[in-house]
1. Averaged over its residues, how many other protein chain Cβ atoms are within 10 Å of peptide A:176-182's Cβ atoms?
2. How well do other chains shield peptide B:102-114, expressed as the mean number of their Cβ atoms within 10 Å of each residue Cβ?
3. Students often forget the sequence filter, so: which aspartates and glutamates lie under 17 Å Cα-Cα from A:Lys151 once same-chain residues fewer than 8 apart are removed?
4. Within a Cβ distance under 14 Å of B:Ala165, other residues only, what is the Lys/Arg minus Asp/Glu net charge?
5. Set the Förster radius R0 to 22 Å, insert the Cβ-Cβ distance between A:Ala113 and B:Phe176 as r into 1/(1 + (r/R0)^6), and round the FRET efficiency to 0.05.
6. To the nearest 10 square angstrom, what accessible area does A:Leu98 show with a 1.4 Å probe?
7. What's the total accessible area buried between chains B and A, using a 1.4 Å probe, rounded to the nearest 100 Å²?
8. List the lysines whose Cα sits under 25 Å from the Cα of A:Lys146, skipping any in the same chain fewer than 8 residues away.
Amino acid sequence: MASLLRPSLLRQGPAVAAPSSRFLSTVTRQTALRPGALAASWQKPTTTTQRVAAFHATQRQQILPPLPQKIQGTANDPVPVPAPEYVHGSYHWTFERLVATGLIPLTIAPFAAGSLNPLTDSILCALLVIHSHTGFESCIIDYFPKNRVPKTRAAAMWALRIATVTLGVALYSFETNDVGITEAVSRLWHA
Amino acid sequence: MASQRVFQVGLRRAGVPMFSRMQPAGRIAQRRFAATQHVEESEGQEILRKQRLQRPVSPHLSIYRPQITWYGSALNRVTGIMLSGSLYLFGIAYLAAPAMGWHLETPSMVAAVAAWPVFAKVGAKVALAFPFFYHSLNGLRHLSWDLGLGFKNTTVMRTGWAVVATSVVAGLYYTFLG
């Protein structure tokens with residue numbers, strides 16, 4: 001009985017399998033419009049074109065379209081596990097948190113005192129530079145994956161490094177020649 | 001082979017209810033010609049490669065319901081980029097100022113801003129104050145998560161809205177009164 005209902009079960013892999021045509025009990029409108037739709041189901045299709053039903057029924061709207069990618073290896077390769085590197089891992093994470101935590105009192109103080117003295121202001125500048133740099137770095141890592149856009153990634157990283165160094169020099173110049181950023185913001189705010 | 005298929009189709013037609021049996025088979029049924037053919041190992045790998053290139057990528061932003069959890073997270077990044085971006089632009093402009101003939105010393109900037117119309121001042125203050133307070137207060141939320149606090153879903157939503165409300169209030173206060 002099984003062999004009668006499912007003859008393909010017992011058919012042991014011929015070199016070229018014959019195309020099978022199957023019934024599906026869903027009512028469709030498209031089939032009625034297609035020429036030759038009324039042909040008997042056991043007839044072989046005249047062309048060898050494979051008809052593949054759409055897997056996704058919903059429309060795909062992509063806000064972030066996928067970046068180009070190259071497939072390396074086969075589908076069955078294990079995911080490469082990088083060697084543990086604490087400097088890029090937990091130490092980096094802890095350092096980022098220390099910087100962010102250090103920004104809390106330095107952000108509140110100018111609101112309480114009006115502005116900061118040059119030394120505290122310089123520390124605020126340094127922490128802001130580091131915090132901004134790590135923040136932009138995370139954005140680059142997220143949006144320019146190394147295995148998809150390696151050149152864009154490298155270019156963005158170098159642009160960020162150059163911009164951060166420029167910002168450091170600029171803030172040093174501003175701190176030594178001008179009034180300091182908290183005082184400057186305060187004066188601009190009340191201008 | 002053909003005789004077996006005739007038998008199968010006959011069985012299926014006998015199985016369907018009366019009202020649909022009146023229609024010709026081709027009209028009610030979707031036919032799928034699922035052809036199978038033997039391919040070489042290398043050719044199969046090539047098909048797999050092509051399929052993998054078509055895979056959708058994360059994040060699939062358009063399918064998620066807008067919620068304070070991920071909207072707040074995205075806003076945190078956007079406000080951070082706005083604030084740090086302004087700082088970077090100012091720093092680069094400050095270094096370039098002598099060469100370009102700009103005056104970015106505090107007294108001249110204050111004089112320039114003082115000459116702005118009121119709506120420009122208010123606009124600039126809103127554009128800076130809201131991102132500043134949102135990013136600062138949401139940063140406290142992030143640091144509390146790093147300590148393992150406030151991870152319950154309802155807590156995350158409540159603190160998320162609290163940060164939005166507080167930053168709106170603080171932003172309005174410092175725009176108009178502070």
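1. For this peptide, the per-residue mean of nearby foreign Cβ atoms is 2.
2. On the way: counts 0, 0, 4, 5, 12, 4, 0, 5, 6, 1, 2, 5, 4.
Taking all residues of B:102-114 together, the mean is 4.
3. Hits, sequence-local ones excluded: A:Glu137, A:Asp142.
4. Details: positive: B:Arg141, B:Arg158; negative: none.
Net local charge, B:Ala165 excluded: +2.
5. For R0 = 22 Å, the calculated efficiency reads 0.50.
6. 120 Å²
7. Numbers: alone 14950 and 16830 Å², together 25070 Å².
That pair hides around 6700 Å² of surface in total.
8. A:Lys70, B:Lys50
The values are calculated or read from the model by the stated rules, or taken from the named source; none is laboratory data. This structure is a prediction, so every number in the text was calculated from the model and none was measured. Neighbour counts are summed over all protein chains in view; Cβ atoms, including those assigned to glycine, are modelled from backbone coordinates with ideal geometry. Accessible surface areas use protein heavy atoms only, side chains included; no ligands, DNA or RNA. Shrake-Rupley method; radii C 1.70, N 1.55, O 1.52, S 1.80 Å.
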